[in-house]
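Reading through the structure tokens given below for one structure.
Every number in this text was worked out from the coordinates using simple rules, so none of it is lab data. In this text the structure is predicted, and so the values were computed from the model without any measurement. So basically every Cβ, Gly included, is an ideal-geometry build from the backbone, and we count neighbours across all protein chains shown.
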Amino acid sequence: MNMDEKLFRYYLELKSPEAGEWNSSPPCLYTEVVTRDYVRKSFKPTEGIQVCNVGIGTGDWDDYLGYWLKGKGVLTSIDIDNDICEIFAYRQKREGHRNPSKVLCKSIFDSDLPRGEFDIVTLIGSAINETGDFNRCLDSCFSLLKQGGYLMFMASLKYSFLEKLEFYIKGTAFQIEQKNDMLPIR
């Protein structure tokens, strides 16, 4: 199957019975709007800013971050699933995204990730649970940050536990700067 056929299937799957109900649900749409608004209000894209998103999923969040950067910085998107990485990179190219992601098909646990290079790392949704190791995933995300960088962690309580995050933070040199649906951690 060629890439255009894969892309067509991707578009169809967004509205499939399994995904469509969630993707068009009020909680999903609300979360999307609130998350985007939070980034827009909390962080300013500056010249040379380096942003990383862990877990591409449908790629909507990565698309937004690329546009939010307004060409001032670079977005790196990490996902372990080769099919997701391949179709996301192709989709951004085919759609003419103005600031496409640099896509890394890797595990967040891979030792050859670019450590200490990012101003902001985002970990959104179910990605942390999909790794199978809450603490190790956070350790890896923090290792990607530059000194003074931010981890933006956001997940439904259905997927992770705020108490678990707070307990984790107590054992580190990091602090939670704001506690609500969006948690920038420095």
Decide, for the stretch 40-132, between rounded, prolate and oblate: order the square roots of the alpha carbon gyration tensor eigenvalues as a ≥ b ≥ c, take rounded if a/c falls under 1.5, and otherwise choose prolate if a/b is larger than b/c, else oblate. oblate
As an exercise, identify the trypsin sites (Lys or Arg not before Pro) in the stretch 16-82 lying in DSSP coil whose Cβ has no more than 14 other Cβ atoms within 10 Å. Lys70, Lys72
Counting as exposed only GluC sites (Glu not before Pro) in DSSP loop states with no more than 16 other Cβ atoms inside 10 Å, the longest exposed-site-free span of the chain is 48-116
